[in-house]
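Down below is the structure, laid out as C-alpha cells.
The values are calculated or read from the model by the stated rules, or taken from the named source; none is laboratory data. Just so it is clear, the structure is predicted and the values come from calculations on it, not from any experiment. Please note: Cβ atoms are built from the backbone with ideal geometry, for glycine as well, and neighbour counts cover all protein chains shown. To get the accessible areas, we keep the full protein, side chains included, count just its heavy atoms, and leave off ligands, DNA and RNA. Shrake-Rupley method; radii C 1.70, N 1.55, O 1.52, S 1.80 Å.
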Amino acid sequence: MKKKIGIFDIDGTLVDAYDAITRNFNYALKSLGYPSVSIEQVKKAVGGGSKLLAAKFVRPEHIEEFLKIYNNNHTRFLKGRVRLMKGSEELLKFLTDRGLLLGVATNRSRSSVPPVLEELKIDKYFDIICTADDVANPKPDPSMILYIMDTLKAKKEESFYIGDMVIDFLTGKNAGVDTYILATGSSPRDELEEIKGINLFDNLCSLKDYLNTVI
C-alpha cells in the first residue's frame, strides 16, 4: 500500500544536538553542585527523555529542580551547537515532494523541539510534532506514533517510522508500522545488528535510496 506519512525521531536521526544537550545538561548539573559529564556519557544515556536522563546523574530529590533549570535553558545552548545529520534535508524534501505528510515522535520535552527544528530550518517540513509531554507514556510505548497516525488519518500500513536506537525499533514494532533504524545515533551498531528483523541503514542517504524504491 502507498505510504502516506513518515514519522521521525530527532536526535541521532535527523539532528546531532549532543553538544548542545551536554552543555545545557552540565549547566544544570553545575547549578545544583554536581560534577560535569562528558558528551559520550550523555550520548549513551539519552533516548528515554530528560527525566530518565537526569535520573542517571542526579539524586531523586533534585530531579524536579534539575529539570526546571534544564528545560528553561534549551535555546541558550543551541546557536552553533546543533547540526543536521548528513542527508537530513534531502530526505525530508524527497518525502514531501512525493506528497507524504511528516511527523516527529520524540521523547524530548515539548518546549525543546521547535527551537531545534527552527534553528536548523527544517520546521517547515513537519505537519505534526508529538513529544513525551503530549502522551501518557513515552517511547517505546507506541502512543506517539498511534496519535500521529490518527491525527493525520493514516493506517499502519500507510505509515513508517525512522529512528536510531533500540528504543526506536521497539516503538515502531509496538505500533505495528514499518520501521527503519539508522546506525548514526546513540545505540552502537553491533547492538543494533543483534536485533532480529531490524531494517538497519548506514545513514540517511542509503535510506533515501531504499525509500525511493518502495514509496
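Here is how the numbers come out for the structure above:
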{"read-out": "Spherically averaged projected area of segment 1-99 from its Cα convex hull (nm²)", "value": "7.9 nm²"}
{"read-out": "Shape category assigned to segment 97-146 from the gyration tensor of Cα positions, a/c cut at 1.5", "value": "oblate"}
{"read-out": "For VAL15, distant residues with modelled amide H under 5 Å away", "value": "MET85"}
{"read-out": "Rounded to 10°, Cα long-axis angle of helix 18-31 versus longest principal axis of the chain", "value": "30 degrees"}
{"read-out": "Placed amide H near ASP164: partners under 5 Å, 5+ positions off or other chain", "value": "LEU182"}
{"read-out": "Estimated [θ] at 222 nm from DSSP helical runs (n ≥ 4, -39500 (n - 2.57)) normalised by residues in the chain, nearest 500", "value": "-11500 deg cm²/dmol"}
{"read-out": "Of all DSSP beta bridges in the chain, antiparallel share, percent nearest 5", "value": "10 percent"}
{"read-out": "Positive-end residue, segment 1-160 charge dipole about Cα centroid, Cβ charges, pick of PHE66, VAL15, LEU100", "value": "VAL15"}
{"read-out": "Segment 66-76 - phi-based ³J(HN,Hα) in whole Hz, Karplus 6.51/-1.76/1.60, Gly and Pro as x", "value": "4, 5, 4, 5, 4, 6, 7, 10, 4, 6, 4"}
{"read-out": "Per residue accessible area in Å² of the chain, where ligands, DNA and RNA are left out and the probe is 1.4 Å", "value": "48 Å²"}
{"read-out": "FRET E, pair TYR210, LYS121, Förster distance 41 Å, beta-carbon r, rounded to 0.05", "value": "0.95"}
{"read-out": "Highest-MSF residue in the chain out of SER50, SER186, SER38 [GNM, Cα springs under 10 Å]", "value": "SER38"}
{"read-out": "Amide N proximity, segment 5-46 versus HIS62 label position 7 Å along Cα-to-Cβ, cut-off under 18 Å", "value": "22-39, 41-42"}
{"read-out": "Over segment 119-215: Rg over Rh, Cα atoms, Kirkwood Rh", "value": "0.96"}
{"read-out": "Angle in degrees between helix 204-214 and the longest Cα principal axis of the chain, rounded to the nearest 10", "value": "30 degrees"}
{"read-out": "Cα-based radius of gyration of the chain once divided by 2.2 N^0.38 Å, which approximates compact folds", "value": "0.99"}
{"read-out": "Accessible-area composition of the chain, carbon plus sulfur, in percent [1.4 Å probe]", "value": "49 percent"}
{"read-out": "Calculated log₁₀ intensity ratio I(q)/I(0) where the Debye formula runs over C-alpha points of segment 159-215, q = 0.27, 0.31 Å⁻¹", "value": "-1.15, -1.35"}
